[in-house]
Amino acid sequence: FMISGKWTGSQCCLSGNYECTSGTESDCFMISGKWTGKKCCVESSYSGNSYGSYSGSYSGHGGTQCVDGTQSGCFMMTPSGKWTGSKCCVPRTYSCVSGDASSCFMMNPTGKWTGSLCCME
């Protein structure tokens, strides 16, 4: 699976606005990310959720940030979270801080647990 990037001889350059972070090729593919061979690049204006059914959009909301989390925690953030294989990518409009799951869930409807961090809109 080829990405539409340009190879400089030492790095892959993508046109557009991407957040590139560590991950796995298979997880990156599942979220329609671009796999460079070492990193998963998620378009900063991506729409949708993890693994398939797309709704909503981040465009115009300041882009994407990829933060610590777990696959199950990130998946529970649907439609907000996208799991790269090692990071949970969420809208940059979210403020993500350390905490614990039970305290984060008590802040609902704005508290969202990535598996490692509590993110609030």
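Tabulated results
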quantity: Sole exception among (1) open to solvent by less than 60 Å² (accessible area, probe 1.4 Å); (2) within 17 Å of CYS20 (Cα to Cα); (3) modelled with pLDDT of 90 or more for ASP68, by number; calculated: (1)
quantity: Matching residues in the stretch 62-103 - criterion: being over 27 Å from SER26 (Cα atoms) and in contact with a Ser or Thr (Cβ under 9 Å, 6 or more places away or on another chain); calculated: SER98
quantity: Criterion: more than 16 Å from GLY85 (Cβ to Cβ) and either open to solvent by less than 50 Å² (accessible area, probe 1.4 Å) or at pLDDT 75 or above (or both) - qualifying residue of SER55, SER59, SER44, SER22; calculated: SER44
quantity: Residues that are surrounded by fewer than 22 Cβ atoms within 10 Å (Cβ to Cβ) and either in a strand (DSSP E or B) or more than 13 Å from the chain's Cα centre (by Cα) (or both), drawn from the stretch 77-103; calculated: GLY85, PRO91, SER95, CYS96, VAL97, SER98, GLY99, ASP100, ALA101, SER102, SER103
quantity: Selection count where residues are in a helix (DSSP H, G or I) and either open to solvent by 20 Å² or more (accessible area, probe 1.4 Å) or under 18 Å from GLU19 (Cβ atoms) (or both), scope the stretch 104-121; calculated: 2
quantity: For SER50: the one exception among (1) surrounded by fewer than 17 Cβ atoms within 10 Å (Cβ to Cβ); (2) modelled with pLDDT under 75; calculated: (1)
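The values are calculated or read from the model by the stated rules, or taken from the named source; none is laboratory data. Only a predicted model underlies this, so the values are computations on that prediction, with no experimental measurement involved. Here Cβ is always computed from backbone atoms with ideal geometry, including for glycine, and neighbour counts include all displayed protein chains. Surface areas here come from the heavy atoms of the whole protein model, side chains and all, with no ligands, DNA or RNA. Shrake-Rupley method; radii C 1.70, N 1.55, O 1.52, S 1.80 Å.
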